[in-house]
Amino acid sequence: MANLAMTGILEKMTGKDKDYRYMATSDLLNELNKETFKADTDLEIKLSNIIIQQLDDAAGDVSGLAVKCLAPLVKKVSETRVVEMTNKLCDKLLNGKDQHRDVASIALKTVVAEVSVSSLAQSILSSLSPQLIKGITTAGMSTEIKCESLDILCDVLHKFGNLMANDHELLLSALLSQLGSNQASVRKKTVSCIASLSSSLSDDLLAKATTEVVRCLRIKSAKAEMTRTNIQMIGALR
């Protein structure tokens, strides 16, 4: 597609008229889905910036289309750009406005789902893992942020757990620390995460996790819901 036409699409995507923004974002999605689509470095930067911006659009149908644009975009731009977008999405998730958090979470899951090249996966994981751990373990972090971070981490571990061996011990410790959360939703998602992680853990780390859960089960003063969580954990450590 001619650069002039692409420039027109990008201009309309930032306009005041919601209908124009929607139609322009739809046009961009169609272009990105074409096998012949190519972008130079300047266009890559413009596209990634504007799509990240559109995720915060006040019109839900526009932000929803922007999320759909991410899937083909991940496959059409450089690894550097994908890592950059991932970091921006993490920032929205952990530090952004509440109303934008759901979209940021869906966008991150979309990026993770579309990554298939090992080198890109490694690049993303090196920056994504510590930020998700921060979202899960930071004192004072809201239940919503913890749950969103756990959801994304579960997807990451399910798909790339074997590529994260260097982070396994850190991830396991972070997750085990959440089994005692007062929020049932956090405990439930933590168990799911550990289940996804367990299939790629070393025998030593599996033993460490099992020992910790058994220790918690022996605490006679533990509340019934905590005991149930730890029993569920035994089942998750396969």
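Peptides 174-183, 151-160 ordered by packing proxy, namely the average of other Cβ atoms within 10 Å per residue, highest first: 151-160, 174-183. For the chain, the 222 nm mean residue ellipticity estimated from helices alone, with every DSSP H stretch of n ≥ 4 adding -39500 (n - 2.57) and the total spread over all residues, rounds to -25000 deg cm²/dmol. Of interest is the spacing of the C-alpha centroids, which for region 65-124 and region 138-178 amounts to 17 Å.
Highest mean packing comes first when the peptides 42-49, 194-201 are listed by Cβ atoms within 10 Å, giving 194-201, 42-49. The modelled label-to-label distance between residue 138 and residue 14, using points 7 Å beyond Cα along the C-beta direction, is 2.8 nm. Between residue 97 and residue 116, the simple spin-label model (points 7 angstrom out along Cα→Cβ) gives 3.7 nm. FRET efficiency for the residue 169 to residue 214 pair, using the beta carbon distance and R₀ = 22 Å, is estimated at 0.70.
Determine which residues of region 108-142 fall in the zone a paramagnetic label at residue 200 would reach in this model, i.e. backbone nitrogen under 17 Å from the point 7 Å along Cα→Cβ. Answer for this model: 109-133.
Per residue, the average separation of C-alpha pairs within less than 8 Å and at least 6 apart gives the chain a relative contact order of 12 percent. If you bin the C-alpha pair distances of region 115-238 every 5 Å from 0, what whole percents do you get? The calculated distribution, bin by bin, is 2, 11, 23, 23, 20, 13, 5, 2, 1, 0. Here's the list of lysines a cross-link from residue 220 could span, going by alpha-carbon distance under 24 Å and ignoring same-chain residues fewer than 8 apart: 188, 208. With bins 10 Å wide beginning at 0, the percent of Cα pairs of the chain falling in each bin runs 7, 30, 29, 19, 10, 4, 1, 0.
Debye-formula intensities of region 173-233, expressed as log10 I(q)/I(0) at q = 0.18 Å⁻¹, are -0.59 (one equal scatterer per alpha-carbon, no solvent). In this simple spin-label model, placing a label point 7 Å from the Cα along the Cα-to-Cβ direction at both residue 26 and residue 188 gives a separation of 3.7 nm. Of the residues 213, 117, 83, the one that moves most in a GNM of the chain with alpha-carbon contacts below 10 Å is 117.
Taking Cα centre as origin and charging only the Cβ of basic (Lys, Arg, +1) and acidic (Asp, Glu, -1) residues, the dipole magnitude of region 115-238 rounds to 520 debye.
FYI, it's all coordinate maths here, none of it is from the lab. Note that this is a predicted model, so its numbers are computed, not measured. All Cβ positions, even for glycine, are placed from backbone atoms using ideal geometry, and neighbour counts span all protein chains on display.
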